[in-house]
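The values are calculated or read from the model by the stated rules, or taken from the named source; none is laboratory data. What you see is a predicted model; the values in this text were computed from it and never measured. For neighbour counting, all protein chains shown are included, and Cβ atoms are generated from backbone atoms with ideal geometry for every residue, glycine included. With ligands, DNA and RNA removed, areas are computed over all heavy atoms of the protein, side chains included. Shrake-Rupley method; radii C 1.70, N 1.55, O 1.52, S 1.80 Å.
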Amino acid sequence: YVLAAQAVIITLLAVRSSHLAAAADAFDPPSRVARLSYLRGPVSFQPAGESEWVGAVANRPLTTGDRLWTDRGARAELVTGSATFRLDADTDCAFTNLDDRIVQAQLTQGTITVRVLRLRGDEAIEVDTPNQAFSILREGTYRLEASEDGDSTLVTVRAGEVEAAGDGDSYLIRSGQSTRLSGIDRLEVSDLRMGRVDEFDEWGLARDRRV
């Protein structure tokens with residue numbers, strides 16, 4: 001009887017442990033989040049799986065599926081690991097994948113800059129726009145501008161290297177280059193003269209100095 005009772009107790013403990021482990025897995029926090037480190041002006045936040053927008057607040061964590069919208073005159077800054085994403089006004093951006101190895105953002109419209117301080121060999125940072133996917137290959141500073149109609153993306157690489165891919169083709173854009181990629185079914189690539197640093201860029205440089 002004693003042995004049988006011990007066996008029952010061991011079985012019950014094993015079942016309880018498995019239930020606790022399952023519960024812990026269900027409530028495990030994401031392995032990586034992005035922190036809303038700065039905002040100015042009206043910035044809206046849409047949690048993953050929700051249809052309603054709410055006002056964003058500083059230091060809020062964002063995970064996979066979360067979306068931000070910066071209204072006219074607004075700006076926002078997100079930090080995840082060694083990468084910093086900055087949003088200019090009238091910009092719609094979401095994280096479609098965010099974990100220890102992958103940072104994947106979706107820029108539906110507007111302008112963002114991405115500053116990458118370190119990039120591990122097993123780490124991937126990607127920004128997708130309506131007509132292209134951009135994989136960041138090196139540490140550096142990148143600016144992406146997606147048109148409102150979703151037909152074109154302007155990429156400026158102040159430092160680093162990025163690969164643009166879409167419709168079976170890929171293009172390398174290197175430090176000091178500014179390239180516009182237009183069209184979806186039939187892509188047109190135009191190399192442009194790099195523009196001067198504007199007020200949005202200056203704000204980003206000031207934030208870097210502050211950090």
q = 0.15, 0.18 Å⁻¹: log10 I(q)/I(0) that the Debye formula gives for the chain, counting C-alpha atoms only: -0.94, -1.31
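Quick one: pull the percent of accessible area on the chain belonging to carbon and sulfur, 1.4 Å probe, ligands and nucleic acids left out. Write out the running numbers ahead of the final one.
On the way: 5980 of 11820 Å².
Percent of accessible area from carbon and sulfur atoms in the chain: 51.
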Approximate spin-label separation Glu148-Asp99, in nm, with each point projected 7 Å along Cα-to-Cβ: 3.8 nm
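Heavy-atom accessible area per residue, the chain, 1.4 Å probe: how many Å²?
Values: 11820 Å² over 211 residues.
On a per-residue basis, the chain sits at 56 Å².
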Here the gain from full extension of Glu199 to Asp169, 0.36 nm per residue of separation minus their alpha-carbon distance, amounts to 7.5 nm
Whole-number Å³ per residue for the convex hull built on Cα positions in the range 92-144: 69 Å³
Work out the charge dipole of the chain with +1 on the Cβ of Lys and Arg and -1 on the Cβ of Asp and Glu about the Cα centre, then indicate which of Ser44, Leu144, Leu205 is farthest towards its positive end. Leu205
Computed about the Cα centre, the charge dipole of the range 40-196 from +1 Lys/Arg and -1 Asp/Glu charges at the Cβ has a magnitude in debye, to the nearest 20, of 840 debye
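Place the peptides 136-143, 182-189 in order of packing, highest mean first, counting for every residue the other Cβ atoms within 10 Å and averaging per peptide.
On the way: 136-143: 19.0, 182-189: 12.0.
Top of the packing list down: 136-143, 182-189.
Just round it to a whole percent: the fraction of Cα-Cα distances in the range 126-181 exceeding 12 Å.
Across the range 126-181, Cα pairs with separations above 12 Å total 58 percent.
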Counting just the Cα atoms, what span does the range 116-211 cover along each of its three principal axes? Round to the nearest Å and put the largest first. 43, 34, 21
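Evaluated at 25 °C with a viscosity of 0.890 mPa s, what Stokes-Einstein diffusion coefficient in µm²/s does the range 40-139 have when Rh comes from the Kirkwood expression over alpha-carbon pairs?
On the way: Rh = 13.7 Å.
Translational diffusion coefficient: 179 µm²/s.
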